[in-house]
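Worksheet: one structure, shown below.
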Amino acid sequence: MKKIVNTIIAITSLWLMAVSAAAGTIDTIKIIEHPGYFETQGNVFDIPAGRYKIVVKNMSGKDAGFVFNKGQNNVTTDNSSMKVILLKNGEQGSFTLNLKKGNYSYFCPIIPTPPYPLRVK
């Protein structure tokens, strides 16, 4: 009987550890800034809500910036989700966010770029 109880406890513990590890998963979206445009490595349309690490690399040839916010066309609708990074040429930066359902956008405030959409379903 003691062996059965210990086996059940061990299986339950392993299951709880697996569930905790899955809940802590962070997906990564890589964005490379070039002169006047962004190259995205990873899906940014209709991604599931969850925790994401956004990694930005500046390959524009000059100092640049990166603004990420909730809303479309650079209109911020949630200041808590706004992130700003200033990067020298060749530099990389990142931040982690919990993205909820909605529309987001990112752009460079220094090198003119159109707003790029990121949609969370």
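Any read-out appearing in this document is the output of simple, stated calculations on the displayed coordinates, not a laboratory observation. Everything quoted here is computed from the prediction, not taken from an experiment. In this analysis, Cβ positions are derived from the backbone assuming ideal geometry, glycine residues included, and neighbour counts consider all displayed protein chains.
If R0 is 30 Å, the Cβ-Cβ spacing of Met59 and Arg119 corresponds to a FRET efficiency of close to 0.75.
Pairs Lys57/Lys121; Lys57/Lys88; Lys62/Lys88: which exceed 18 Å Cα-Cα? Present the calculation step by step, with values, prior to reporting the outcome.
Details: Lys57/Lys121 26 Å; Lys57/Lys88 9 Å; Lys62/Lys88 7 Å.
Beyond 18 Å: Lys57/Lys121.
How would you rank Thr40, Thr25, Thr113, going from fewest to most other Cβ atoms within 10 Å of each one's own Cβ?
Details: Thr40 14, Thr25 8, Thr113 21.
If I rank by nearby Cβ atoms, fewest first, I get Thr25, Thr40, Thr113.
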